[in-house]
Each structure stands twice: as structure tokens, then as C-alpha cells.
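One structure is given here, and the rest of the page talks about it.
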Amino acid sequence: LDVNDREAVSRYFWQQMQVYDLHYIGFGLETGAGGGAGRYNPDFITIDDWDGQPVDNWQSYATDDQGNRTELVDTLTWNNFEEDWYTGPIAAGGPVWSPVVTINYPDFPYVAVSASRPIYDENDQLLGMVAADVHLLSLSEFLGELEASQQGSVFILERDGLLLAKSGDEPPFLVEEDGDIQRVAATESTDAMVQAVSQQLQDRFGEFGQIETGQMLQLDLAEEPHYVNVTPWQDEFGLDWLVVVGGPESAFMAQINANTRTTVLLCLLALAVTTVLGILTAQRISQPITQLSWATDRLAKGDLSQRLSEGNIKEMNVLTRAFNSMAQQLQKSFQTLAKNNELLESRVEERTAELQQTLAELQQTQMQMVQSEKMSSLGQLVAGVAHEINNPVNFIHGNLSHTAEYSHDLLALVSLYQQRYPEPDAEIQAEIEEIDLDFMRQDLPKILASMKVGTERIRQIVLSLRNFSRVDEAEIKPVSLHDGLDSTLMILQHRLKANSQRPEIQLVKHYGKLPLVECYAGPMNQVFMNILTNAIDAVEEKYTALHAKSAVHGAKDLPPYVPTLEIRTRTLGAKTVEIAIADNGNGIPEAVKARIFNPFFTTKPVGKGTGMGMSISHQIVTEKHSGQIDCHSTPGQGTEFRIQIPIRH
């Protein structure tokens with residue numbers, strides 16, 4: 001149903017009203033508009049329609065027997081956002097029952113509960129609510145038709161003690177002279193049975209809300225024992241009612257006593273007939289049963305050659321043939337079992353060896369996976385990290401040679417001083433022993449050498465990070481695009497590996513012979529990063545969808561899928577190079593592909609994508625490098641991005 005076609009939807013609801021014992025079916029939209037079909041008296045169904053304007057926006061139309069609108073019968077002001085059936089599902093986050101609604105129409109008091117739930121479009125955006133009303137009088141009529149209501153009473157009440165429905169002629173509400181509708185408390189009902197049962201329940205439990213489990217009670221009402229069954233009834237959408245069924249003991253015991261007498265007579269008759277037939281039957285079947293018992297005993301002791309001959313009793317012949325067949329099958333089964341036992345022992349040995357080998361392989365694979373996970377935290381912050389580390393490391397590394405030289409000179413000076421003044425005073429001698437001067441002479445050069453090795457290692461790491469980020473190449477210069485691609489793939493290596501959700505993503509590289517290309521190396525690496533990240537997301541989404549589908553329909557009904565990325569490079573003529581990055585994911589629909597380079601456009605969930613990656617990539621290629629970037633996609637098969645930039649800027 002198209003909710004924007006309110007006339008068609010309302011007419012469909014009118015048709016539903018002919019089938020179901022409801023008093024209203026309608027819908028309201030986020031725009032404030034809506035429509036529905038209502039039964040405001042037993043013989044009159046209207047079609048309602050309203051828009052989002054604030055005043056006199058509701059029109060109610062009479063209908064003919066085909067559901068066509070005939071004349072306008074009423075108008076009023078309506079606001080979806082002030083109704084419990086509309087606001088309730090939003091607060092509950094799903095389908096919900098509304099509180100009891102009371103509206104006093106001139107000819108028909110309207111007292112009902114609404115079941116409503118949200119409706120969404122294909123993009124999971126909220127459109128509005130759809131609701132159906134159940135009138136309390138209809139519920140009371142249903143209770144009155146129950147067999148238990150013929151000699152007893154059945155009623156339903158809320159936890160606050162107000163009646164919802166009851167069997168009998170009295171409605172569960174009152175209409176005052178001024179037109180107000182008042183709900184009736186069960187303890188104040190004019191129905192003596194309902195009032196008495198409710199009062200005794202309240203006296204026993206204190207509050208109706210304290211009744212949490214079903215109760216079977218025996219109460220004394222009107223000087224006669226009554227049986228009362230109280231059942232809490234709840235559902236997942238907010239209903240919390242008490243269903244009470246009660247009736248006099250005589251209504252139950254009359255039929256029970258009659259049944260008891262009939263049962264006793266039938267039992268006596270059956271006993272006599274059974275005794276006679278038992279004696280006659282026992283005489284005929286005792287002999288073949290004795291033979292069968294003897295043969296069964298021999299069979300149990302291992303004599304599988306036992307066979308019985310048939311007699312005159314058909315039923316016993318069936319049992320005899322079954323025994324002979326069983327004995328023959330047991331004999332064959334024991335022979336087959338002996339052979340299978342030998343075969344099973346050999347297969348168990350083979351399986352044990354295979355399992356031991358598999359366990360060793362799994363242990364080795366587990367160690368490899370743990371090691372791989374330790375290396376997966378590099379991330380995409382390499383440019384800032386490399387820049388921040390490089391300056392202090394260069395400062396330390398550059399000053400280590402001076403520090404070593406100064407330390408050497410100072411130690412030489414101390415040695416010269418000790419040669420010229422071998423007998424220092426007591427205070428200097430104590431300080432020499434305190435700082436362990438001899439150990440310091442040996443250890444200080446080692447510390448400086450170790451520090452030089454460490455700073456050298458850090459400089460090598462920074463250089464490797466810079467190969468991707470190109471923080472020191474802000475200007476146009478000739479670079480190897482293959483190095484940029486490989487650096488990007490190195491950073492994304494943790495995403496290409498297999499994990500618990502999918503197998504490893506296959507990477508296929510077809511590198512052509514490319515010259516050095518004049519470009520901004522860092523931004524171009526950013527383009528590679530954006531496209532490769534989206535390609536990895538695409539194949540992961542397709543694999544997850546196929547995996548979920550296979551869990552429902554079975555893997556045998558689905559084609560095998562290997563997530564794959566392919567990178568190709570080549571020269572186009574003498575002035576242009578092309579880099580193509582392709583995946584075999586779900587592909588991109590035409591409507592989405594037309595907007596893929598628009599700023600802030602994304603198909604990813606909220607919080608996962610900003611919609612700026614492809615827009616920035618398009619700007620880097622077209623504006624900074626005077627090139628072009630194109631997207632070629634086939635839904636269901638995959639997507640390919642082709643980047644073409646000039647060799648000379």
C-alpha cells in the first residue's frame with residue numbers, strides 16, 4: 001500500500017472492517033496527515049481523511065455498500081502527535097497497546113484499546129503509525145458467548161481494578177448525563193458476582209497488581225461455594241490484564257456426578273465382559289505364548305537358530321512370523337557386526353592419526369593468527385606519527401655524536417687528573433667511590449652506543465611510514481605510483497587477512513611498466529586508501545550477506561564466493577598513466593553511482609562513513625592533478641574505479 005495515496009488506503013481499511021470485528025483501522029503519517037475507516041455505530045461505517053493542517057483538517061465521509069464516499073458528515077481538528085496510539089510506539093520503540101480511549105459520540109459511546117505499530121519505507125525511515133481499535137463492548141460480547149458464561153461469570157480487569165469487559169448485559173462503563181464516560185471499578189459493579197469476586201480478591205491479595213501467577217480459589221458467595229480461576233494475562237506489547245472465570249460449585253458438580261454414575265455402571269459391565277472373554281482367550285493363546293516364551297529365552301541365551309511353526313490363531317501367527325524374521329535378522333546382523341567391527345577398528349586408527357595431524361595444524365594456525373593480530377594496530381595515522389617522532393629523534397641522533405665526544409674528553413680529563421694527582425683528598429675519594437667512577441668509564445660508552453642503535457632504528461621506522469604518508473613531499477615531484485600502492489596495501493594488510501567473519505581477501509596485482517609520475521604523492525596515496533577501503537567494505541558486505549543467506553537456505557544452493565581485489569596499472573600513450581582498482585562485491589546501482597562523488601553522500605550506516613572520502617578523492621585527481629576518475633559497476637558482480645593522470649604535471 002502506498003501511504004501517500006490516502007484514499008486507496010482508507011478504502012482498503014473499509015474493506016477490512018467488513019471482515020473483522022474492529023471499530024477503527026487507520027494510519028497517521030509524520031507529515032501530520034492520515035486516514036482510516038471507523039464504525040461509530042453498529043450499522044454505519046465511515047471513511048476518514050485528514051491532512052497536516054492544524055484546524056478543521058479531519059473530514060469524515062459516509063459510504064455506500066462498495067466503500068465509495070457519498071457525503072461529508074463531520075469535520076474536526078486533529079493532531080496525530082497528541083494521540084497515545086501515535087506517540088506510544090515511538091516511546092516504546094516498537095508495537096504497543098494504548099491505554100483505554102473514551103469518546104462519547106452522540107449515538108454510540110466509543111470505549112476501545114488501540115494496537116499500533118510504526119511503519120517504515122525501504123530505507124528504514126519512519127513514515128508514521130498504523131493502528132486498529134478493539135471496542136470493549138465487542139470484547140464483552142465475546143465473553144458472553146463463552147460456555148463458562150452460561151452458568152457463571154467471566155470478566156477482565158486492569159491492574160488498577162477497572163473493568164475492561166464482562167459477560168452479561170451490563171457494559172463495563174457508564175455514560176453520565178453530561179455525556180462523560182466513566183470506567184467502572186470491578187468492586188463497584190452492579191453485577192453481584194463480579195463485585196463479590198473482585199472484593200474477595202482484593203481482600204485476599206491487597207491489590208490486584210500483587211497477583212503474579214494463576215490462582216484457583218474457592219470462595220463463599222451468596223451462601224454457596226464458588227470456584228474462581230484468576231489468570232494474569234500479559235503480552236510483549238504492554239497488555240497486563242487479569243482474566244477471572246467463576247461459577248457455583250453446583251454448576252460443575254452436577255455433570256461430574258452424572259458422569260461418575262455412568263462411569264461406575266460402564267466399569268462394572270466392562271469388568272464382567274472382560275472376565276469372560278479373558279478366560280476364553282487365555283485358554284486359546286496360552287500354549288503358543290508358552291512356546292514363544294521358551295524360544296525367546298533360548299534366543300536370549302545365544303541360540304540364534306530358533307524358529308517357530310504357525311498355528312490357528314491369526315494374531316499369534318503374525319507374532320510368530322515376526323519372531324522368525326527377527327531371529328533371522330539377528331543372525332545376519334551379528335555376522336555383519338563382526339565384520340564391521342574389524343573395519344571400524346582400522347578406520348578409527350586412521351581417523352585418530354588424521355585428527356592428530358589436524359590438531360597440530362590448528363595449533364600452528366592459531367599461533368600464526370595471534371601473531372598476525374598483534375601486527376594489526378598500525379592504523380591510518382602514520383603521517384602525524386611520523387612527523388611528530390621524526391624531529392625529536394633527529395635531534396637526539398644528531399647530538400649523540402657530540403655527547404660521545406664530550407664524554408670521551410671528560411673521561412680522558414679525569415684519567416689525566418688521576419695520573420697527576422694520584423692521592424686526592426678524602427672528600428673527592430669518597431665521591432669517586434660513591435659514583436663508582438671505574439664502572440662509569442666502562443658503561444658510559446656502551447650506553448651511548450646503545451642509544452645510537454635505538455635512534456637509528458626509529459629513523460628507519462619513520463622512513464618506512466613516510467613512504468606512505470609522503471609528509472616531506474608536499475610539492476609536485478616524480479614518484480613511483482607502485483611504491484604508493486604497496487605502502488597503502490601494507491597499512492591495510494590487517495583488513496585483507498582472514499578473520500572469524502570471512503576468509504582472506506585475495507589480492508591480484510597486474511603492474512605494468514610505469515615511469516616516474518609527477519604528482520602530489522601524499523594526496524595520491526590518500527586516494528588509493530579511500531578506494532581500497534571501500535573495496536574491502538564491499539566484498540565484506542557481500543560475503544556477510546551470502547553467509548547469512550546460506551544459513552537459511554543451505555550452502556549447497558549458493559555459488560562459491562571468494563572475496564577478491566584486483567589492481568592494474570598501465571600507460572596510455574606517452575602522456576598518461578592509468579590505475580584501476582576493482583572488487584567483486586555487490587556492485588553499485590545506477591542511482592547511487594550518479595551521486596558517488598557528491599560531498600556527504602554515503603551508503604554506509606550512521607557512524608561508519610562521512611560521505612567525504614570519494615568526494616575528496618575526486619577533487620585530488622581532477623583538480624590537483626588535472627586527471628579523471630571513473631566508476632564502472634555491474635550490480636551483483638562488482639565495481640571498478642579507473643584513475644587517469646598525466647605523467648607530466
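Counting only DSSP beta bridges with both residues in the chain, what percent are antiparallel, rounded to the nearest 5?
Working: 100 of 105 bridges.
Here the antiparallel bridges make up roughly 95 percent for the chain.
For region 117-210, state which GluC sites (Glu not before Pro) are in a DSSP loop and have at most 11 other beta carbons lying within 10 Å of their beta carbon. Before the final figure, lay out each step's value.
Numbers: sites: 122, 141, 145, 147, 158, 176, 177, 188, 207; in loops: 122, 145, 176, 177, 207.
Sparse-neighbourhood loop GluC sites (Glu not before Pro): 122, 145, 176, 177, 207.
Where does helix 426-435 land angle-wise versus the long Cα axis of the chain, in degrees 0 to 90, nearest 10?
50
Kindly report the accessible area of the chain per residue (heavy atoms of protein chains, probe 1.4 Å, no ligands, DNA or RNA), in Å². Mind showing how you got there, number by number?
Numbers: 39910 Å² over 649 residues.
In whole numbers, the chain has 61 Å² accessible per residue.
If you count, for each residue, the other Cβ atoms within 10 Å and average over each peptide, how do 131-140, 427-436 line up from highest to lowest? Kindly include the intermediate steps, with their values, before the conclusion.
Values: 131-140: 21.2, 427-436: 10.5.
For the peptides 131-140, 427-436, the packing ranking is 131-140, 427-436.
Please report the relative contact order for region 150-296, taking Cα pairs under 8 Å with a sequence separation of at least 6, and give it as a percent rounded to a whole number. Present the calculation step by step, with values, prior to reporting the outcome.
Working: 173 pairs, mean separation 28.2, N = 147.
After rounding, I find 19 percent.
Once Rg/Rh (Cα atoms, Kirkwood Rh) is worked out from the coordinates, which option in [x] 1.14; [y] 1.20; [z] 1.02 does it equal?
Derived directly from the coordinates: [y].
Using the Cα centre as the reference, give the magnitude of the dipole from point charges on the C-beta atoms of region 496-649 (Lys, Arg: +1; Asp, Glu: -1; all else neutral), rounded to the nearest 20 debye.
160
Sequence gap at least 6, Cα distance under 8 Å: using those rules, report the relative contact order of the chain to the nearest whole percent.
Details: 931 pairs, mean separation 36.2, N = 649.
Contact order relative to length: 6 percent.
Kirkwood Rh, region 48-191, all Cα pairs: how many Å? Please list the in-between numbers first.
Details: mean 1/r = 0.0563 Å⁻¹.
This gives a value of 17.8 Å.
For the chain, give the magnitude of the charge dipole about the Cα centre (Cβ charges: +1 Lys/Arg, -1 Asp/Glu; no others), in debye to the nearest 20. Don't skip to the end; give the middle numbers.
Numbers: 48 positive and 87 negative charges, 1001 e Å.
Using Cβ point charges on Lys, Arg, Asp and Glu, the chain gives about 4820 debye.
Just to check I understand the Karplus step: with θ = phi - 60° and J = 6.51 cos²θ - 1.76 cosθ + 1.60, what whole-Hz values come out for region 319-334, glycine and proline as x?
5, 5, 5, 5, 5, 4, 5, 4, 4, 5, 5, 4, 4, 5, 5, 5
Could you work out how far helix 382-420 tilts from the main Cα principal axis of the chain, as a 0 to 90 degree angle to the nearest 10?
The helix 382-420 is inclined about 50 degrees to the chain.
Taking only Cα atoms, what is the 0 to 90° angle, nearest 10, from helix 521-553's long axis to the longest principal axis of the chain?
30
Of the heavy-atom accessible surface of the chain (probe 1.4 angstrom), what whole percent is carbon and sulfur?
Values: 21560 of 39910 Å².
So the carbon and sulfur contribution to the accessible surface is 54 percent.
Considering amide H positions built from the backbone, and no H for Pro or chain starts, which residues 5 or more places from residue 519, or on another chain, come under 5 Å of its amide H?
477, 479
Taking H as built 1.01 Å from N, whose amide H comes closer than 5 Å to the amide H of residue 243, not counting residues under 5 places away?
Residues meeting the criterion, in which the H sits 1.01 Å from N, are 231, 233.
Please report how far the C-alpha centroid of region 1-48 lies from that of region 185-231, rounded to the nearest whole angstrom.
Distance between centres, Cα-based: 39 Å.
Based on the mean of other beta carbon atoms within 10 Å per residue, what is the order of 32-40, 195-203, most packed first? It would help to have the intermediate numbers written out before the result.
Values: 32-40: 22.3, 195-203: 18.7.
Averaged packing, sorted descending, gives the order 32-40, 195-203.
Take the cross-link list 477/624; 477/513; 513/542; 301/332 and give me the ones stretching past 22 Å between alpha-carbons. Working shown, then result.
Values: 477/624 13 Å; 477/513 19 Å; 513/542 33 Å; 301/332 17 Å.
Pairs exceeding 22 Å: 513/542.
Take residue 326, project a point 7 Å from its Cα along the Cβ direction, then tell me which residues of region 283-308 have their backbone nitrogen under 15 Å from it.
289-308
Could you tell me which of rounded, prolate or oblate describes region 594-649, using a ≥ b ≥ c as the square roots of the eigenvalues of the alpha-carbon gyration tensor, with rounded for a/c under 1.5 and, failing that, prolate when a/b is larger than b/c and oblate otherwise? Before the final figure, lay out each step's value.
Values: a/c = 3.10, a/b = 1.44, b/c = 2.16.
Because a/c hits 1.5 or more and a/b fails to exceed b/c, region 594-649 counts as oblate.
Search the structure for amide H atoms under 5 Å from the amide H of residue 185, placed 1.01 Å from N in the peptide plane, and list their residues when 5 or more places away or on another chain.
So residue 185 has HN proximity to 163.
Based on the Cα gyration tensor of region 1-118, what are the three equivalent ellipsoid semi-axes, each the root of five times an eigenvalue, rounded to whole Å and given largest first?
Details: eigenvalues 88, 55, 45 Å².
Semi-axes, largest first: 21, 17, 15 Å.
When the Cα centres of region 298-324 and region 120-154 are compared, how far apart do they sit, in Å?
Centre-to-centre distance over Cα atoms comes out at 64 Å.
The values are calculated or read from the model by the stated rules, or taken from the named source; none is laboratory data. From a predicted model like this one, the values you see are computed outputs, not experimental measurements. Cβ sites come from the backbone with ideal geometry, for glycine too, and all protein chains shown count toward neighbours. All accessible areas refer to the heavy atoms of the entire protein, side chains included, with ligands and DNA or RNA removed. Shrake-Rupley method; radii C 1.70, N 1.55, O 1.52, S 1.80 Å.
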